[in-house]
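Right, one structure below, let's go through it.
The values are calculated or read from the model by the stated rules, or taken from the named source; none is laboratory data. Every value quoted in this text rests on a predicted model; they were computed, and no experiment measured them. Cβ placement follows ideal geometry from the backbone for every residue including glycine, while neighbour counts extend to all protein chains displayed. Just the protein is used for accessible areas: all its heavy atoms, side chains included, with ligands, DNA and RNA removed. Shrake-Rupley method; radii C 1.70, N 1.55, O 1.52, S 1.80 Å.
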Amino acid sequence: MLNFYDFSYELLQEELANRGQSNYRATQLFKWVYKKQVTDFSEMSDISKVFREELLSDFYFPQRKVHTKQVSSDGTIKLLIELEDGALVEAVLMRYSYGNVVCVTSQLGCNMACTFCASGLLRKRRDLTTGEMLIQVLIMNDLLREEGNGERVTHVVVMGTGEPFDNYDNVLNFIRLINHPYGLEIGARHLTISTCGIPDKIKKFAHEGLQVNLAISLHAANNKTRSRLMKINRTYPLEALMEAIKYYEKMTNRRVTYEYILLKDVNDSLADADELSDLIRGTNGYVNLIPFNPVEELPYQRTPNNRVSAFLDRLIKRGITTTVRKEFGTDIDAACGQLRAKEENS
Ligand code: SAH
């Protein structure tokens, strides 16, 4: 049986073509499923009975199973979603003034082992499929629908547990699916992929023809500190990363966002700010400063607010567009870097 949610529009067209069906069938099916919320093939009245029966025997829709739901005082919702094999993944819904943002998990665990990240404490068990990422958004849409205010998910960030570019094909299919006009129809500019910085994947991504935002987890502007914080930097040092980013910018004409977690006495001095502005000056990217969310087992501390402001001011003075990330859901461990679905049977 095939999980219907694993198919982007393009993949579904291909699959149906192999069954001798016209392209129009993919349009019909997508409209039923993603526009009318109908997942029972027998209700799809404009599709022939014979073909409906074929669909019924070959495709299924996985159940949407919420294992745990936590709601923060700021309205942030953190879900633990149970996948078909019993694995649990976290997804977070944040309510910004401009829309409803879902942070999606892309892998079960993560192999990048960044030393400040809770997710990195778990080894990767497997990649998530396209459908397993999609269901996180669909469930959040269900919850918003239940609230009855006509709201829906307007933005998606692939910033939950996992390294999206270590699960490249599934993540790209997921992006195409939620972006497609017959799919969830979320505008490409409302979609963001966040990567720890894998140069060949950044270059590949430059050729996908998507207007999706790319965020780079930078966190340090020299190799010594970055290699200490992020294992990936030992394989792909800053020179290789920056070269890939410049290539991406040239090919797409798009700006990247540099994510920079401020860690007390590690990367938060004014000299660090100067080094950061020198490093990225040759690119068009902007900086998003992230307040560190403490993780019990980890040795890092949060930079005090006055130092955050000083760092911010310094970057701005040096001509770098910089913002500080707003924090959500801190009271339910839904904040950045804290997602860590405990595995059930271990
Ligand atoms: N692997 C991807 C996406 C997942 S991490 C990446 O590296 O970008 C998403 C973001 O959360 C990254 O910028 C990551 O560095 C940040 N993050 C991880 N742990 C954090 C913590 N404890 N506090 C604040 N941000 C954290």
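Worth a mention:
- Residue check for ASN233: within 15 Å of the chain's Cα centre (by Cα) and surrounded by 21 or more Cβ atoms within 10 Å (Cβ to Cβ): no
- Looking only at residues of the range 179-200 that are in contact with an Asp or Glu (Cβ under 8 Å, 6 or more places away or on another chain) and not in a loop (DSSP other than H, G, I, E, B), we find that the one that is most open to solvent (accessible area, probe 1.4 Å) is ASN179.
- Scope the range 201-212; condition part of a helix (DSSP H, G or I) and either open to solvent by less than 10 Å² (accessible area, probe 1.4 Å) or not assigned by TED's automatic domain parsing to the domain that holds THR257 (or both); matching residues: ILE202, PHE205
- Among residues of the range 135-145, those that are more than 14 Å from the chain's Cα centre (by Cα) and either among the acidic types (Asp, Glu) or within 16 Å of the ligand (Cβ to nearest atom) (or both), counted: 1
- Filter result for GLU84 (among the acidic types (Asp, Glu), touching a Pro at 6+ places or on another chain (Cβ under 7 Å), open to solvent by 20 Å² or more (accessible area, probe 1.4 Å) and more than 27 Å from LEU298 (Cβ to Cβ)): yes
- Checked against (1) closer than 28 Å to ALA188 by Cα; (2) open to solvent by 40 Å² or more (accessible area, probe 1.4 Å); (3) not in a strand (DSSP E or B), MET140 passes all but a single condition, namely (2).
- Total residues in the range 154-172 satisfying the condition of being in a helix (DSSP H, G or I) and either in contact (Cβ under 8 Å) with a residue 24 or more places away in the chain or within 13 Å of the ligand (Cβ to nearest atom) (or both): the figure is 7.
- Qualifying helices (runs of 4 or more DSSP H) (wholly inside the range 1-77; at least 1 residues being under 29 Å from the mean Cα position of the chain (by Cα)): 9-18, 24-30
Every residue, every condition in (1) more than 16 Å from the ligand (Cβ to nearest atom); (2) among the hydrophobic types (A, V, I, L, M, F, W, C), yes or no:
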| position | (1), (2) |
| --- | --- |
| CYS196 | no, yes |
| PRO199 | no, no |
| ASN223 | yes, no |
| ARG226 | no, no |
| LYS231 | no, no |
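Yes or no, residue by residue, for (1) without any contact (Cβ under 8 Å) to a residue 40 or more places away in the chain; (2) under 26 Å from THR154 (Cβ atoms):
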| site | (1), (2) |
| --- | --- |
| ALA17 | yes, no |
| TRP32 | yes, yes |
| GLN37 | yes, yes |
| GLU43 | yes, no |
| LEU56 | yes, no |
| PHE59 | no, no |
| LYS65 | yes, yes |
| ILE81 | no, yes |
| VAL89 | no, yes |
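- Screening THR129, THR154, THR115 for residues that are within 23 Å of VAL212 (Cα to Cα) and out of contact with any Gly (no Cβ under 9 Å at 6 or more places or on another chain) leaves exactly one candidate, THR129.
- Here GLY148, GLY109, GLY120 are screened, and the one residue that is within 13 Å of the ligand (Cβ to nearest atom), farther than 17 Å from SER72 by Cβ and without any contact (Cβ under 8 Å) to a residue 40 or more places away in the chain is GLY120.
- Of everything in the range 109-134 that is open to solvent by less than 10 Å² (accessible area, probe 1.4 Å) and among the aliphatic types (A, V, I, L, M), the residue that is farthest from the chain's Cα centre (by Cα) is ALA118.
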